[in-house]
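The values are calculated or read from the model by the stated rules, or taken from the named source; none is laboratory data. Source: prediction; values computed, not measured. No Cβ is skipped: glycine too gets one built from the backbone with ideal geometry, and neighbour counts run over all protein chains shown.
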Amino acid sequence: MVKSDIIKQLKENYPDLKYSQIEKVFDFIFDIIAKSLINKKPVEIRDFCRFSIKTIKAKHNARNPKTNEIIYVPEKKKIAFKMSKYLKEEINK
């Protein structure tokens, strides 16, 4: 499902709201999540999931699979997603 599909479903459930209003709210929510993660603050949405930042250590002995050359991979960050117990139970029904 993509953003436009979600907005269409919200429009069907809330016909009084304009499409542009729904899109602004949707964008606002994800901007807040992104800004919190950029500021290294975890985001928890009850009964759905938790987003947090994980740091991946630098690697001094990684290999380029094409040339088999040893390369250095610097430290980087990634987003960790942990689903809630409720969501896990719903998915595994």
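A single member of F51, F28 is at pLDDT 95 or above and part of a strand (DSSP E or B), and it is F51. Of the residues making up the range 19-62, those that are within 20 Å of I6 (Cβ to Cβ), among the hydroxyl-bearing types (S, T, Y) and either surrounded by 11 or more Cβ atoms within 10 Å (Cβ to Cβ) or in contact with a helix residue (DSSP H, G or I) (Cβ under 8 Å, 6 or more places away or on another chain) (or both) number 1.
Figure legend. Inter-residue proximity from the range 75-93: first residues within 30 Å of H60 (Cα to Cα), second residues outside any helix (DSSP H, G or I) and of a type in the set (K, R), beta-carbon distance below 7 Å, spacing 6+ or different chains. Indicated pairs: E75/K57; K77/K54; K78/K54; A80/K54; K82/R50.
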